[in-house]
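Undergrad: For reference, the structure I am asking about is given below.
The values are calculated or read from the model by the stated rules, or taken from the named source; none is laboratory data. None of these values were measured; they are calculated from a predicted model. Positions of Cβ are backbone-derived with ideal geometry, glycine not excepted, and every protein chain shown enters the neighbour counts. Quick note on the areas: whole protein, heavy atoms, side chains included, nothing else; ligands and nucleic acids left out. Shrake-Rupley method; radii C 1.70, N 1.55, O 1.52, S 1.80 Å.
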There are 4 protein chains.
Amino acid sequence: MIKYYTDEILMTPGPTQISLDIYKSMITKAKNTDLDEDFINFYNDLRKKVFNLLNMKKGDIYIMLGEAMLGLEIAVANTVKEGDKVLIIDNGVYGDGFKDLVKMYRGIPITMGLDWRKEADPNEIDKAFEKNKDISLATLVHCDTPSGMLNNLNEISKIVKSHDSYLIVDAVSSIATTNVEFQNIDILIGGSQKALNIPAGLTIMAISEEIWEKIKKVNYQGYYMNLSLWKEMFDYNKTFPYTMNDTLIYALNTSIDKLFEEGLENVYKRHELAKRASLNALKSLNLELYPEDERYSSPSVTAFLLPQGINDKKLREITWKKYGVMIAGSWGKLEGKVARIGHMGYQASLNNLLIAYSSLSKALNELGYKNSVSEVLGSIEEVYT
Amino acid sequence: MIKYYTDEILMTPGPTQISLDIYKSMITKAKNTDLDEDFINFYNDLRKKVFNLLNMKKGDIYIMLGEAMLGLEIAVANTVKEGDKVLIIDNGVYGDGFKDLVKMYRGIPITMGLDWRKEADPNEIDKAFEKNKDISLATLVHCDTPSGMLNNLNEISKIVKSHDSYLIVDAVSSIATTNVEFQNIDILIGGSQKALNIPAGLTIMAISEEIWEKIKKVNYQGYYMNLSLWKEMFDYNKTFPYTMNDTLIYALNTSIDKLFEEGLENVYKRHELAKRASLNALKSLNLELYPEDERYSSPSVTAFLLPQGINDKKLREITWKKYGVMIAGSWGKLEGKVARIGHMGYQASLNNLLIAYSSLSKALNELGYKNSVSEVLGSIEEVYT
Amino acid sequence: MIKYYTDEILMTPGPTQISLDIYKSMITKAKNTDLDEDFINFYNDLRKKVFNLLNMKKGDIYIMLGEAMLGLEIAVANTVKEGDKVLIIDNGVYGDGFKDLVKMYRGIPITMGLDWRKEADPNEIDKAFEKNKDISLATLVHCDTPSGMLNNLNEISKIVKSHDSYLIVDAVSSIATTNVEFQNIDILIGGSQKALNIPAGLTIMAISEEIWEKIKKVNYQGYYMNLSLWKEMFDYNKTFPYTMNDTLIYALNTSIDKLFEEGLENVYKRHELAKRASLNALKSLNLELYPEDERYSSPSVTAFLLPQGINDKKLREITWKKYGVMIAGSWGKLEGKVARIGHMGYQASLNNLLIAYSSLSKALNELGYKNSVSEVLGSIEEVYT
Amino acid sequence: MIKYYTDEILMTPGPTQISLDIYKSMITKAKNTDLDEDFINFYNDLRKKVFNLLNMKKGDIYIMLGEAMLGLEIAVANTVKEGDKVLIIDNGVYGDGFKDLVKMYRGIPITMGLDWRKEADPNEIDKAFEKNKDISLATLVHCDTPSGMLNNLNEISKIVKSHDSYLIVDAVSSIATTNVEFQNIDILIGGSQKALNIPAGLTIMAISEEIWEKIKKVNYQGYYMNLSLWKEMFDYNKTFPYTMNDTLIYALNTSIDKLFEEGLENVYKRHELAKRASLNALKSLNLELYPEDERYSSPSVTAFLLPQGINDKKLREITWKKYGVMIAGSWGKLEGKVARIGHMGYQASLNNLLIAYSSLSKALNELGYKNSVSEVLGSIEEVYT
């Protein structure tokens, strides 16, 4: 069989393609990250860059060694103690998943039973606080990738703060795709393999000044996930709690330098364009967007309902094996029902969307769901003109 | 301004994109190429692979350090002596250019004044030999990139041989895009930066057994371009005439391994598909192919006439600066009249053609030459379905 | 100032130099580690290689994303429940450190107060078990790097097993420097940045069949460090609990392939030679080895007492800033008293030892501790002749 | 057999080790070197850096695609016409070799029959000019690597100029090891694989303003080696005569940036130290330096006579196969009599000399030539203290 492509391309909402300059940055002579001051300084400079990326005015950044899931657990482990009530803003797979983490640390998750196809309604959150006066912590997923949902971070964080509650935000797949304001947030978690387009393995933690009091009270016992230990060891003694990786740190640095070089505003506009093109393509394909309203469809990923009779696995197998384009299904209760195309970071370009929807359009045709590939591609081009 | 792309792409007919595995192959510990037997063996193995790529049954392969232009001159310098009549099969910029090389070495070029928009006619070549009984050498460009022309190598080489003449063939941009039969050829030249997709800097020379007699007679005086010296030093003493580069040799090896892994038949079919898609796109754009007949339009590059009023430089500036796609103009008398899109090696894929023609279509629209981008993209897709 | 070197070299006992082929292995096109079967298969093949490296006959290997410290905590977190008595074989900084981990998980550490300059005495361990019949778990550090101590793993593991106790072994800096027999061990932890010479970030966990029963009983609540989750998700569903990193996995694979290519016996002999040369150099320098007996000085690192009046930091600053060689001090109560030279993996070569001791010898001279550099270097050469 | 090393090291006088940052620089996205203005500008900036490296006040730099041998031939081909008398300053393999190039281009080489163990005597050169009033061109090799000879470039160039003659200088293995003053030189040739420590493949040509008149007169017919063509095409039209390589250009740029970063004075001092250490080691080994006087022994390579009964090939096989250190024999009439250790660029460091002489010392011992390795190493250290 003739391959129609000469290079495979990942259009999954993470992990994403790694560009040549990122690989290049990893080809840097190893340092002893425990003992080399130059590395400590480099790491500190990178913290400041992340600080700026998140529009922080105060608070701390730590970049830790582990996949972003580690960061989510760290946030909960260090802030939830037995019996703490935690409001779970649960309009998605990951949003809902916070309840399990809270339970693991013996907190009491207060779930909301939100509709996954709708953004989390600030009013509902307000009411939930009213009903549960003793909630002292809420969890929110900014972009819930499995459903392609972008929640209204600014509105929600204001509501949460108005109830004197702490707020944990999973921004793993929103960072670097849309403006993320750290104001009114207490712990924000980012990862490396999403829109930052570097390998998985780094967790970004942004910590407010205020939450340290709570962290102290909770007094989490554990080493690798201990936030207080980081503060004590790194901030006061310039020592990492464990041997830090250097190659990923170099990669992250290059990734963030590129964002600032492009200009954050341009980066966010590029993602907005990608979203609009992606939504236009869905219309042309007559596919139903999973989120009910385009307004809160994520700038980093588009989730859509699979048409009647289209098998998720078969569809993805065709795009991958025949056309070299990997797209994603979904997780949990969305598995088999929802498919997704990522447009985060490197993916958010006209070219990559053309390639992704070209393969999707043809694969659907091959499975009997008829559509016009030229119209689909035209609908993407329309947005970019 | 928002960039519509996240990665620039070269769609010029050489130099071409370099893929990650090629870069990777260059990250190999340096060897002393003068003294290290392992390197000599590696180089010899690579010669055999090139031998197979060219369907050779006998003859020699040398891979030299210099851009392919070096190889063209080596071919002439070593086979033309003062007063030698050389038939110049001149239906293109490079085809015609051989006459200058022949003059430099005091040969007498017998030009044919062929039409650049037509393939070289074997009958005309036959007649030229009939008219000039003392021609002992002919030069041919297999694929003349500036005009996107693919000459009929097999027919022409048979005719040349039937007149007992030697034949030099520039296959720089045809190798690895279509089957190249070394039979009936005496010196064939290939380069590294075309369909082999590695950096410029290597010249591939395939030499027939028969031509050595002529080489001996001509007795070219010179060092760097001396074929006899290569035979003497490398074949008999396993020593290069100068310090060989290793990184490019590793790159070439990886490139050729990939060809065999894909299967040469598949590689050629992939280029044929790319050609057909490219021609379909031209039709959709209502652009005129430069070669008069599609039959001899090259599988590695498509050359077309610029529409009335479209400025070559402006067109290319838009595709490059706005859309990140570099396409080419042409050279010599075609400059300003012809533009070209490469589809050689890595470029010969559905994805790359979509990207190239997307940018071309929009740039033309922006310059007032109206066309439908969705139809153009659809015309490419059509071929790949 | 003229630099005496053209390349810096890390001779610290981890993190270590990374060689060119390791960097090269990381330049591999990113895969979606969640969805790509090829990656899952690659990972599984790597697990088998590690299985063989540890002479395992049964049990499981998991390679996790996090520094080796993560692995130590995982071992304790999953096997210690409130009130469990755990024997801490505490003849070193890390050996002793296990007691803190045990406390964090509300176990009761039974410390032994062992002499850090002596290997852990199997008889003492036997007695400790006799005294504390309810101990069900013991912890041991195979090579305690801060003191350059190699414990007798085989003897100790037999004793522990004879008391029907589980055994956790930190083999982070012994793996790939000396034969490690998994027999009689329940959880063994390895890391990536020591003798495997790749960046920090991977934790190797070897798990016995028997310990799963205990793990089930302990029923650790937590996600990122949950062993049962790995078994469930990866073994039964071929899904990682979080997005796995690929570049480090490729690096580890290359590292282990190189070990088998060299031959494990040769690798271990090379480390034994490096140890002997290092000890010979110490004698020539009239420096006191920290371990009381050379027999249990580690093949991966040599720890020695700083001579009277020699300031640790000054010494290391000279070797690093003037000669480009980074050596290490030590940790905890050894800080300022003990210095160390690593000879693990890539470092364990005649050349690297010459360079390390050349810089040490001169730096000591410059600080007033007189010695003959030529004799020191000669003492190393002696061993290699 | 246990390998005593974990990494092979090239201590031959070219090609040399390539450091990680050089490899890294080659991992740069391919550019179309024909069409991309950014590349043209980059190349021009690099020309200026080389201009500064050679202390040029006027004249041109061209960086060409081919091994340095190409540059030597270009120099002769463009400046020698039939019957031209050329003074060959012939105190070495390459010095003498110029006569063959001159003959190839039908010039008349005036050889001097100089002693290869002595630097070229300016007085002798003066006399040669007196005897041959019609000499209009002289050739000189600054550092003749096969004999480890450094000629007195400044004195000689003044003498040559005082006779109104042009001067061609092969500085291939002196550039970046000692100060090279372009004053009084007409064509100077450098290469990439010597002290610049990048792969072979680039030729540096420095051309005086004055020589262009001669070049015009000679009117060399040929394409690839035509200097006038470079001037015309590149200087006036910003077009390379052939597709330029980019990866090597990036490597050269990084290499030269590193020189300036270290400081040229420091670079030259570092080479002077390396020379002194190397000569000290020879004394300790009781080996005879090939050049009669240390004064003109090269800072980039040390050539010595093999002791009675020591077989060149056996010696080098031991250092390479047993100790991983490649040293060189010599060429031409020195083959089998002289061996050489390079200390150019990256090699010129204490560490690399220790490793090189350690292997040499032991290999000589193994072949029956007794010596004390510790004294040899001590003699190197002596110089660096």
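Undergrad: Among the candidates A:255, A:278, A:297, A:228, single out the residue that is open to solvent by 20 Å² or more (accessible area, probe 1.4 Å), among the small types (Gly, Ala, Ser) and touching a residue at least 40 places away in the same chain (Cβ under 8 Å).
TA: The match here is A:228.
Undergrad: In the range B:29-46, how many residues are in a loop (DSSP other than H, G, I, E, B) and more than 7 Å from every other protein chain (Cβ to nearest Cβ)?
TA: 3
Undergrad: Which of the residues spanning the range B:1-12 are within 14 Å of chain A (Cβ to nearest Cβ) and either open to solvent by 10 Å² or more (accessible area, probe 1.4 Å) or assigned to a loop (DSSP other than H, G, I, E, B) (or both)?
TA: B:1, B:2, B:3, B:4, B:5, B:6, B:7, B:8, B:9, B:11
Undergrad: Okay, moving on. Can you pull out the residues in the range D:300-312 that are open to solvent by less than 10 Å² (accessible area, probe 1.4 Å) and out of contact with any Pro (no Cβ under 6 Å at 6 or more places or on another chain)?
TA: Selection gives D:300, D:302, D:303, D:304.
Undergrad: How many residues, within the range D:348-379, are within 15 Å of residue C:2 (Cβ to Cβ) and touching a residue at least 12 places away in the same chain (Cβ under 8 Å)?
TA: Residues flagged as within 15 Å of residue C:2 (Cβ to Cβ) and touching a residue at least 12 places away in the same chain (Cβ under 8 Å) within the range D:348-379 amount to 5.
Undergrad: Just name the residue that is most open to solvent (accessible area, probe 1.4 Å) out of those in the range A:281-294 that are in a loop (DSSP other than H, G, I, E, B) and touching a Ser or Thr at 6+ places or on another chain (Cβ under 8 Å). Lay out the reasoning, then the answer.
TA: The first filter runs over the range A:281-294 and keeps only residues in a loop (DSSP other than H, G, I, E, B), leaving A:286-287, A:290-293.
Pick out the ones that are also touching a Ser or Thr at 6+ places or on another chain (Cβ under 8 Å) and you get A:290-291.
Numbers: A:290: 18, A:291: 2 Å².
Within the range A:281-294, the match that is most open to solvent (accessible area, probe 1.4 Å) is A:290.
Undergrad: While we're on this one: Check residue D:15 against each of (1) more than 16 Å from residue D:256 (Cβ to Cβ); (2) surrounded by 21 or more Cβ atoms within 10 Å (Cβ to Cβ); (3) in contact with a Gly (Cβ under 7 Å, 6 or more places away or on another chain) and name the one condition it does not meet.
TA: Unmet for residue D:15, out of (1) more than 16 Å from residue D:256 (Cβ to Cβ); (2) surrounded by 21 or more Cβ atoms within 10 Å (Cβ to Cβ); (3) in contact with a Gly (Cβ under 7 Å, 6 or more places away or on another chain): (3).
Undergrad: Within the range C:144-176, count every residue that is of a type outside the set (Ser, Thr, Tyr), in contact with a Pro (Cβ under 8 Å, 6 or more places away or on another chain) and open to solvent by less than 20 Å² (accessible area, probe 1.4 Å).
TA: 3
Undergrad: Could you tell me which residue of the range D:205-225 is nearest to residue B:70 (Cα to Cα), considering only residues that are among the hydrophobic types (A, V, I, L, M, F, W, C) and open to solvent by less than 30 Å² (accessible area, probe 1.4 Å)?
TA: This residue is D:225.
Undergrad: So, in the range C:235-252, exactly how many residues are assigned to a helix (DSSP H, G or I), touching a residue at least 12 places away in the same chain (Cβ under 8 Å), surrounded by fewer than 20 Cβ atoms within 10 Å (Cβ to Cβ) and within 14 Å of chain A (Cβ to nearest Cβ)? Show your work before the answer.
TA: Keep residues of the range C:235-252 that are assigned to a helix (DSSP H, G or I), which gives C:235-237, C:247-252.
From what's left, touching a residue at least 12 places away in the same chain (Cβ under 8 Å): C:235, C:247-252.
Retained after the next criterion (residues that are surrounded by fewer than 20 Cβ atoms within 10 Å (Cβ to Cβ)): C:235.
Those still in the list that are within 14 Å of chain A (Cβ to nearest Cβ) too: none.
Of the residues in the range C:235-252, 0 are assigned to a helix (DSSP H, G or I), touching a residue at least 12 places away in the same chain (Cβ under 8 Å), surrounded by fewer than 20 Cβ atoms within 10 Å (Cβ to Cβ) and within 14 Å of chain A (Cβ to nearest Cβ).
Undergrad: Among A:315, A:350, A:334, which is the only one that is within 26 Å of residue B:361 (Cα to Cα) and open to solvent by less than 10 Å² (accessible area, probe 1.4 Å)?
TA: A:350
Undergrad: Within the range C:65-107, how many residues are open to solvent by 10 Å² or more (accessible area, probe 1.4 Å), at the interface with another protein chain (Cβ under 9 Å from one of its Cβ atoms) and closer than 23 Å to residue C:199 by Cβ?
TA: The qualifying residues number 3.
Undergrad: Only one of B:57, B:49 is part of a loop (DSSP other than H, G, I, E, B), open to solvent by 50 Å² or more (accessible area, probe 1.4 Å) and over 28 Å from residue B:330 (Cα atoms); which?
TA: Answer to the selection: B:57.
Undergrad: Among the residues of the range A:111-126, is there at least one that is free of Cβ contacts under 8 Å to residues at least 12 places away in the same chain and either farther than 20 Å from residue A:178 by Cα or open to solvent by less than 30 Å² (accessible area, probe 1.4 Å) (or both)? Steps first, answer last, please.
TA: Taking the range A:111-126 and keeping what is free of Cβ contacts under 8 Å to residues at least 12 places away in the same chain, we get A:121, A:123.
Then keep just the ones that are either farther than 20 Å from residue A:178 by Cα or open to solvent by less than 30 Å² (accessible area, probe 1.4 Å) (or both); that gives A:123.
The answer is yes, given that some residue of the range A:111-126 is free of Cβ contacts under 8 Å to residues at least 12 places away in the same chain and either farther than 20 Å from residue A:178 by Cα or open to solvent by less than 30 Å² (accessible area, probe 1.4 Å) (or both).
Undergrad: Turning to a different aspect of this structure: Which residues, taken from the range B:18-46, are small (Gly, Ala, Ser) and open to solvent by 20 Å² or more (accessible area, probe 1.4 Å)?
TA: Passing the criteria: none in range.
Undergrad: Going by the structure shown, is residue D:260 outside any loop (DSSP other than H, G, I, E, B) and in contact with a strand residue (DSSP E or B) (Cβ under 9 Å, 6 or more places away or on another chain)?
TA: No.
Undergrad: I've got another one for you. Just checking, which of B:87, B:70 is of a type in the set (A, V, I, L, M) and part of a helix (DSSP H, G or I)?
TA: B:70
Undergrad: Among the residues of the range A:336-352, are any under 15 Å from residue B:374 (Cα atoms) and within 14 Å of chain B (Cβ to nearest Cβ)?
TA: Yes, there is a match, as at least one residue in the range A:336-352 is under 15 Å from residue B:374 (Cα atoms) and within 14 Å of chain B (Cβ to nearest Cβ).
Undergrad: Now for a different question. Would you call residue C:57 of a type in the set (Lys, Arg), assigned by TED's automatic domain parsing to the domain that holds residue C:198 and over 30 Å from residue C:102 (Cα atoms)?
TA: no
Undergrad: Taking the range B:253-276 as the region of interest, how many residues are more than 10 Å from chain A (Cβ to nearest Cβ) and either of a type in the set (S, T, N, Q) or farther than 24 Å from residue B:22 by Cβ (or both)?
TA: 4
Undergrad: In the range D:187-219, what count of residues is obtained for those that are out of contact with any Phe, Trp or Tyr (no Cβ under 8 Å at 6 or more places or on another chain) and either in a loop (DSSP other than H, G, I, E, B) or not hydrophobic (A, V, I, L, M, F, W, C) (or both)?
TA: 16
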